[in-house]
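Engineer: Supplied in structure tokens, the structure appears directly below.
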Amino acid sequence: MIWREVGRLHDGTKWADGFSARRLAGLMGIAPKTVDRMVSARVELGEDAAQMTWKQARQSNTGREYSTKERLVGWLTTLEKINAESEHEQAVLIELFRAWNQEWISKEELAERFESYLENPAAFEQYLKEDMNSF
């Protein structure tokens with residue numbers, strides 16, 4: 001969403017009236033450096049940026065390489081925002097992520113399937129047992 005806003009509010013040379021990386025970052029609740037990286041990618045990619053997701057643009061933008069530590073800190077920051085309230089929720093999240101990387105179904109279908117596992121710990125335990133038996 002923020003990437004789309006950068007594309008809408010920054011034309012590749014300047015911000016729309018009243019906007020800046022700091023202001024957009026404040027409105028979106030992210031670090032200004034992140035918006036600065038998006039603007040750099042927008043400038044480097046030109047008109048092609050409009051057809052890309054932020055993930056694609058970030059991979060195309062060679063201006064910034066992340067260290068392993070920076071990547072791990074980014075992942076932990078994202079996980080922190082998830083706010084799993086119990087060990088059960090954390091376990092379901094981990095399994096959901098594993099399934100998401102292994103199956104070719106939509107997020108909605110996967111969420112629908114995992115909904116009962118989050119609400120019913122016994123059903124989740126049964127799912128894990130069946131998954132282990134498949135090996």
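The values are calculated or read from the model by the stated rules, or taken from the named source; none is laboratory data. Just so it is clear, the structure is predicted and the values come from calculations on it, not from any experiment. Using ideal geometry, Cβ is built from the backbone for each residue, glycine included, and neighbour counts are taken over all protein chains shown. When the accessible area is computed, the model is the full protein with side chains, heavy atoms only, and any ligands, DNA or RNA have been set aside. Shrake-Rupley method; radii C 1.70, N 1.55, O 1.52, S 1.80 Å.
Engineer: Taking the condition of being touching a strand residue (DSSP E or B) at 6+ places or on another chain (Cβ under 7 Å) and closer than 14 Å to Ala57 by Cβ, how many residues in segment 1-44 meet it?
Structural biologist: 2
Engineer: Further question: Hey, does segment 77-92 have a residue that's part of a helix (DSSP H, G or I), open to solvent by 80 Å² or more (accessible area, probe 1.4 Å), at pLDDT 85 or above and farther than 30 Å from Arg37 by Cα?
Structural biologist: Yes, segment 77-92 contains a residue that is part of a helix (DSSP H, G or I), open to solvent by 80 Å² or more (accessible area, probe 1.4 Å), at pLDDT 85 or above and farther than 30 Å from Arg37 by Cα.
Engineer: Leu45 versus (1) under 15 Å from Gly7 (Cα atoms); (2) open to solvent by 100 Å² or more (accessible area, probe 1.4 Å): which is the lone unmet condition?
Structural biologist: For Leu45, the exception is condition (2).
Engineer: Moving on. Right, Ala123: surrounded by 11 or more Cβ atoms within 10 Å (Cβ to Cβ), at pLDDT below 85, out of contact with any His (no Cβ under 9 Å at 6 or more places or on another chain) and part of a helix (DSSP H, G or I) or not?
Structural biologist: no
Engineer: Being in contact with an Asp or Glu (Cβ under 8 Å, 6 or more places away or on another chain) and under 30 Å from Phe124 (Cβ atoms) is true for just one of Leu110, Leu96. Which residue is that?
Structural biologist: Answer to the check: Leu110.
Engineer: Find the residue count for segment 16-38, including only residues that are outside any helix (DSSP H, G or I) and open to solvent by 80 Å² or more (accessible area, probe 1.4 Å).
Structural biologist: Residues that pass the stated criteria total 1.
Engineer: Also, quick follow-up: Quick one: which residue in Ala41, Ala111 is part of a helix (DSSP H, G or I), at pLDDT 85 or above and closer than 22 Å to Arg8 by Cα?
Structural biologist: Result: Ala41 is the single residue among Ala41, Ala111 that is part of a helix (DSSP H, G or I), at pLDDT 85 or above and closer than 22 Å to Arg8 by Cα.
Engineer: Follow-up question, since we're still on this one. For Trp104, which of the numbered conditions (1) open to solvent by 60 Å² or more (accessible area, probe 1.4 Å); (2) over 17 Å from the mean Cα position of the chain (by Cα); (3) modelled with pLDDT of 85 or more; (4) not basic (Lys, Arg) fails to hold?
Structural biologist: Trp104 satisfies all of (1) open to solvent by 60 Å² or more (accessible area, probe 1.4 Å); (2) over 17 Å from the mean Cα position of the chain (by Cα); (3) modelled with pLDDT of 85 or more; (4) not basic (Lys, Arg) except (3).
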